[in-house]
Amino acid sequence: MDITPQPPIHQVADTWHRRLCPVNDWLVLSGDLHEDVDKAVEQIREWEEAGITHVIDVREEWSDEQLVADVAPGITYMHLPTHDHGGAQSDEWFEAGLEAARIAREHPDAKVLVHCHMGVNRGPSMGFRILLDEGVEPVQALEMIRAARPIAAVLYAEDALDHHFNGVDDQATRERLREWMEAHPIDIAGIISRINRTAHR
């Protein structure tokens, strides 16, 4: 049994930035493609080798749709841009993500990659909403995401839960979600800082 102390997750956040993180057999989370085109092409090849069939890119600041189409025309790319300023995410955004995931899941061999820039908040939050749509219990969905991607803060989980409930006032579930988040904090600022320092390498 390896009992070697592990460094805090923010100190190794860069190693997780663009890593493919399978949540289950069809949902994968990651960060974005490298700004260097040659490195981005290498990543897209990795996506293909991993069996990625659909990409849901939720970044507001950029789209790699043309590059992915040129390098891997077999991958379906869906751009669903949104902000990452900490304010609420809209019902329309979550609905678009669910529609994209449902369309992808019509294919029995689909493997869906959801990503934002760093794979910390927007992408994991959309992944969380997609898991809820598949019938996964909220806390279990959070546990699945964090186990697969330790840098996932899932900042917009409550917005996703609001959309999932569609007006139903389930305070007990909301409280369980908040308690889990409070019991499993991560250093978001440290993670973002570390990735910002290393993202261009």
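Does GLY51 satisfy being surrounded by 13 or more Cβ atoms within 10 Å (Cβ to Cβ), over 19 Å from ILE195 (Cα atoms) and in contact (Cβ under 8 Å) with a residue 60 or more places away in the chain? Explain how you work it out, then say what you get.
Numbers: surrounded by 13 or more Cβ atoms within 10 Å (Cβ to Cβ): yes; over 19 Å from ILE195 (Cα atoms): yes; in contact (Cβ under 8 Å) with a residue 60 or more places away in the chain: yes.
Here the answer is yes, as GLY51 does meet what is asked.
For VAL28, the conditions (1) hydrophobic (A, V, I, L, M, F, W, C); (2) at pLDDT 95 or above; (3) surrounded by 15 or more Cβ atoms within 10 Å (Cβ to Cβ); (4) more than 20 Å from ALA101 (Cα to Cα) are fulfilled apart from (4).
When ALA13 is tested against (1) touching a helix residue (DSSP H, G or I) at 6+ places or on another chain (Cβ under 9 Å); (2) more than 13 Å from LEU113 (Cβ to Cβ); (3) surrounded by fewer than 18 Cβ atoms within 10 Å (Cβ to Cβ); (4) among the aliphatic types (A, V, I, L, M), exactly one condition is not met: (3). Scanning segment 41-63 for residues that are under 19 Å from PRO124 (Cβ atoms) and assigned to a loop (DSSP other than H, G, I, E, B) returns ALA50, ILE52, GLU60, GLU61, TRP62. Within the option set GLY51, GLY87, being of a type outside the set (Lys, Arg), more than 16 Å from the chain's Cα centre (by Cα) and under 22 Å from ASP159 (Cβ atoms) holds for one residue only, GLY87.
Name the residue that is nearest to ASN121 (Cα to Cα), counting only residues in segment 64-87 that are among the charged types (D, E, K, R) and in contact (Cβ under 8 Å) with a residue 24 or more places away in the chain. The residue in question is ASP84. Here ILE103 clears all of (1) surrounded by fewer than 22 Cβ atoms within 10 Å (Cβ to Cβ); (2) β-branched (Val, Ile, Thr); (3) in contact with a helix residue (DSSP H, G or I) (Cβ under 7 Å, 6 or more places away or on another chain) except the condition numbered (3).
When segment 54-73 is examined, which residues are found to be under 23 Å from GLN89 (Cα atoms) and buried (at least 17 other Cβ atoms within 10 Å of the Cβ)? First the steps, then the outcome.
Our first condition is that a residue be under 23 Å from GLN89 (Cα atoms); within segment 54-73, this holds for 54-65.
Answer for segment 54-73, where residues must be under 23 Å from GLN89 (Cα atoms) and buried (at least 17 other Cβ atoms within 10 Å of the Cβ): HIS54, VAL55, ILE56, ASP57, VAL58, ARG59, ASP64.
Filtered by the rule that a residue be in a helix (DSSP H, G or I), over 29 Å from ASP162 (Cβ atoms) and in contact with a helix residue (DSSP H, G or I) (Cβ under 6 Å, 6 or more places away or on another chain), segment 69-91 gives a lone residue, VAL71. Here PRO185 fulfils each of the conditions (1) buried (at least 19 other Cβ atoms within 10 Å of the Cβ); (2) within 20 Å of CYS21 (Cβ to Cβ) apart from (1).
Residues in segment 160-178 that are buried (at least 17 other Cβ atoms within 10 Å of the Cβ) and either more than 15 Å from the chain's Cα centre (by Cα) or farther than 15 Å from ILE130 by Cα (or both): LEU161, ASP162, HIS163, HIS164, LEU177. Candidates PRO124, PRO108: the one that is farther than 20 Å from ARG59 by Cα and not β-branched (Val, Ile, Thr) is PRO108.
The values are calculated or read from the model by the stated rules, or taken from the named source; none is laboratory data. Owing to the predicted nature of the structure, the values given are computational and were not obtained by experimental measurement. Reconstructed Cβ throughout: ideal geometry from the backbone, glycine too, with neighbour counts over all protein chains shown.
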